[in-house]
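The values are calculated or read from the model by the stated rules, or taken from the named source; none is laboratory data. Keep in mind the model is a prediction, meaning the values are calculated, not measured. Every residue, glycine as well, gets a Cβ built from its backbone with ideal geometry; the counts of neighbours run over all protein chains shown.
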């Protein structure tokens, strides 16, 4: 050992010894933060003002700041929606300073931050739902899927298992990981993001990546009074992450079956010393294969947010979300079989896609600007505007002919040949699309009393302009009658009819017009609501009305405009502080666009919803239950004409349908460490009235089941985490989904029904310090799971399989 080495060793020993001596001189600060009613305050920022020392409270409200230099400090307690508190403390060498605080809720009622007693239950809706009332007291069934639920279940996108957490929600005809298309209460519900309706066509929007999602709110029944016109069955509202004012970060890495790799990052903090200028940045990159060969869906996401608090009254927030998807052509996940065979006659991993087809690329941009001004503790103004741009370039695949039977490619009654069973002529079409949406909202929340009656006022205006242009007018057969694709001996080499050469150069506006792929809508609406509280707010009466004007056009047709006033009456009564009964009557109004073959003019869709329910918080709010019964009546609804041939987009007027059902939801902490989400829904939707001419032409009869839902839906997710001992932080999860009475998504129901569905998932996790490892197994029983429908014009069944048993393992590091 030379002299230089001896010097280095001596230096390191001296350095480590000095660190140890310094650490022995440091102190510690601990304590507990609670809200009124001695409720533990979770995720509250605790810092020593003007220093680097800071932390967050845990689920029991406890905090701990280690290795603090001795001295005098100002301890600061702060979070959005909480009145800030400061106090002087003295930290002494080798001693623990204990300082606890009892906080009061701010007058904003925690609009912007939800403080929960556990990780699966949230008690208040987001600001974007515009309500000032806790979920328990709202006269409507609203279910909130928390951010921690999304993490524990390793949900990566809006179409990746989210709906297991909400009663009655299904996706019978999946669009892969492209569009979410959730059905609830007998109809497809509307997609919202931060309070904006982001649907510009039947197929959109691009399913949200969970990297920038804070939580998701499912609103059952009409909600036009607080958002905008939409389907009477309800909506889901994706709430994105916002700055919290707490400097923290998180990085996660996921890997799993079928070449699934993903990394995401979440950064949260301040850009100035005073904490007025805040930021949040989320990003993700994902490589995702499939259990079907030649199929993939890769994603890249960035989502920066900046907010500035001018003073105690005024705040502005700017946000941008960008998602880029590079994927196999739309429709690659479907397979087809002849009428004689029925569903599921091919292996679970079978694919009909053609290797060598160009990828489909999608860019999804959304920008938001929000202004909030608090006049005083009782009145607040919120104004926000947004711009959404969607760009898609790619292909869509769908068979032209499914054997056995004659091939009439010209639909002129003259067959060009015939196909045997298992033979298919695959067809690909162009699908270039672009959408632009300009949306604006301004609303006021207020509180005041008239004598012994309290009032919560909501009033506002919504404005929007949307357009969608798509070219789906070019198509190409990959196979020929002489050399078809044979599912029994598939050949994935160059197709017999060659690859297509579509025109992407002509401006999309011209191509979309020629293809009849133009859709647009403009709307303006004003609304007012008063929630009156009687007997110290034990009895609450909600009175609301909304005026809506909408002009819509589709398939290149002329715009159709209409206007309507929709009323809303709700009542909620608190039997106790934790038990509420409610009733609701609400109406919906949605002008429709479409083309009826007979030339008949299209009338707006109208509907009403009657709903009754019981909401209960258990054991000081640790977990909650909701039981609801409803009846929704919809009139003049358009539906796809069952007699359509390929390329035709005609609609028929269904007449009148009624959806009825019962829903039960349970979520929360049963006891320390044990969390449960469970739900069940019974749904029945039938045709009440139908025009005799429509019935004769389509075969739709009074009493027929409306397609697109499941009669029985049950879900459960149980998670237990060890709270103490040597394996503290170790967790076990188990969850299942059961569907029965599944209805297909087309009126052409065929002879074979969709079978009952059961999927079992489970996982293990371990959290220690700043690191958490989570491993989940999906489809544990390795069942052949699928959804699908029957198409009469093809005389064929189609279905999309789900992955057999597969796993994901993830590591999250917080800093």
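Does residue 356 fit the bill of being over 25 Å from the mean Cα position of the chain (by Cα), under 30 Å from residue 179 (Cα atoms) and exposed (fewer than 15 other Cβ atoms within 10 Å of the Cβ)?
Answer is yes for this residue.
To keep it simple, each residue is scored yes or no on (1) in a loop (DSSP other than H, G, I, E, B); (2) over 17 Å from residue 352 (Cα atoms).
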residue	(1), (2)
399	no, no
435	no, yes
459	no, yes
493	yes, no
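So, in region 277-295, exactly how many residues are farther than 22 Å from residue 253 by Cβ and part of a strand (DSSP E or B)?
Final tally of qualifying residues: 3.
If residue 435 meets every condition in (1) surrounded by 22 or more Cβ atoms within 10 Å (Cβ to Cβ); (2) more than 25 Å from residue 559 (Cβ to Cβ) apart from one, which number is that one?
Unmet condition: (2).
Is region 263-282 home to any residue that is closer than 30 Å to residue 709 by Cα and touching a strand residue (DSSP E or B) at 6+ places or on another chain (Cβ under 9 Å)?
Looking for residues that are closer than 30 Å to residue 709 by Cα and touching a strand residue (DSSP E or B) at 6+ places or on another chain (Cβ under 9 Å), one finds none in region 263-282, hence no.
Against the definition (surrounded by fewer than 16 Cβ atoms within 10 Å (Cβ to Cβ) and at pLDDT below 95), how does residue 310 come out, yes or no?
Against the criterion (surrounded by fewer than 16 Cβ atoms within 10 Å (Cβ to Cβ) and at pLDDT below 95), residue 310 qualifies.
Hey, residue 436 hits all of (1) more than 37 Å from the chain's Cα centre (by Cα); (2) farther than 27 Å from residue 501 by Cα; (3) in contact (Cβ under 8 Å) with a residue 40 or more places away in the chain but one; which does it fall short on?
The number of the failed condition is (1).
Conditions: (1) surrounded by 15 or more Cβ atoms within 10 Å (Cβ to Cβ); (2) over 26 Å from the mean Cα position of the chain (by Cα). Residue 701 meets all but one. Number of the miss?
The single condition residue 701 does not satisfy is (1).
Those residues that are in a strand (DSSP E or B) and buried (at least 23 other Cβ atoms within 10 Å of the Cβ), I need them from region 313-335; list them, please.
319, 321, 323, 325, 330, 335 - these are the residues of region 313-335 that are in a strand (DSSP E or B) and buried (at least 23 other Cβ atoms within 10 Å of the Cβ).
Return the only residue of 369, 381 being in a strand (DSSP E or B), at negative phi, at pLDDT 95 or above and more than 26 Å from the chain's Cα centre (by Cα).
Every option except 381 fails the conditions.
Can you pull out every residue in region 504-544 that is touching a helix residue (DSSP H, G or I) at 6+ places or on another chain (Cβ under 7 Å) and either within 30 Å of residue 200 (Cβ to Cβ) or surrounded by fewer than 19 Cβ atoms within 10 Å (Cβ to Cβ) (or both)?
Within region 504-544, just 518 meets the criteria.
Could you list, ordered by first residue, the pairs with Cβ atoms under 6 Å in which the first is in region 697-716 and assigned to a loop (DSSP other than H, G, I, E, B) and the second is surrounded by 17 or more Cβ atoms within 10 Å (Cβ to Cβ) and modelled with pLDDT of 95 or more, at least 6 apart or interchain?
Pairs found: 709/683.
State whether the residues of region 289-296 include one that is more than 20 Å from the chain's Cα centre (by Cα) and surrounded by 22 or more Cβ atoms within 10 Å (Cβ to Cβ).
Checking region 289-296: at least one residue is more than 20 Å from the chain's Cα centre (by Cα) and surrounded by 22 or more Cβ atoms within 10 Å (Cβ to Cβ).
What single numbered condition from (1) at pLDDT 85 or above; (2) under 21 Å from residue 665 (Cα atoms); (3) not in a strand (DSSP E or B) fails to hold for residue 243?
Failing condition for residue 243: (2).
Which one of the conditions (1) modelled with pLDDT under 95; (2) within 25 Å of the chain's Cα centre (by Cα); (3) not in a strand (DSSP E or B) does residue 780 fail to meet, given that it meets all the rest?
Exception for residue 780: condition (1).
Within 21 Å of residue 292 (Cβ to Cβ) and free of Cβ contacts under 8 Å to residues at least 60 places away in the same chain: is that true of residue 784 in this structure?
no
For region 466-489, how many residues meet the condition of being in contact (Cβ under 8 Å) with a residue 24 or more places away in the chain, in a loop (DSSP other than H, G, I, E, B) and over 26 Å from residue 199 (Cα atoms)?
8
Quick one: in region 141-175, which of the residues that are assigned to a strand (DSSP E or B) and within 26 Å of residue 298 (Cβ to Cβ) is modelled with the highest pLDDT?
The selected residue is 145.
Here are 302, 362: which of them is without any contact (Cβ under 8 Å) to a residue 24 or more places away in the chain and either touching a helix residue (DSSP H, G or I) at 6+ places or on another chain (Cβ under 9 Å) or assigned to a strand (DSSP E or B) (or both)?
302
Filter region 545-581 down to the residues that are in contact with a strand residue (DSSP E or B) (Cβ under 6 Å, 6 or more places away or on another chain), within 13 Å of residue 519 (Cα to Cα) and exposed (fewer than 15 other Cβ atoms within 10 Å of the Cβ) and list them by number.
The one that is in contact with a strand residue (DSSP E or B) (Cβ under 6 Å, 6 or more places away or on another chain), within 13 Å of residue 519 (Cα to Cα) and exposed (fewer than 15 other Cβ atoms within 10 Å of the Cβ): 559.
It is to be established whether one or more residues within region 731-752 are exposed (fewer than 15 other Cβ atoms within 10 Å of the Cβ) and not in a strand (DSSP E or B).
yes
On the given criteria, is residue 497 over 36 Å from the mean Cα position of the chain (by Cα), free of Cβ contacts under 8 Å to residues at least 60 places away in the same chain and part of a strand (DSSP E or B)?
In short, no.
Would you mind stating whether residue 681 is in contact with a strand residue (DSSP E or B) (Cβ under 7 Å, 6 or more places away or on another chain), buried (at least 17 other Cβ atoms within 10 Å of the Cβ) and at pLDDT 80 or above?
Yes: the conditions hold for residue 681.
Within the bounds of region 247-270, is there any residue that is outside any strand (DSSP E or B) and within 30 Å of residue 437 (Cβ to Cβ)?
No: zero hits.
Determine which member of the set 72, 67, 88 is more than 38 Å from the chain's Cα centre (by Cα), on the phi > 0 side of the Ramachandran plot and modelled with pLDDT of 75 or more.
67
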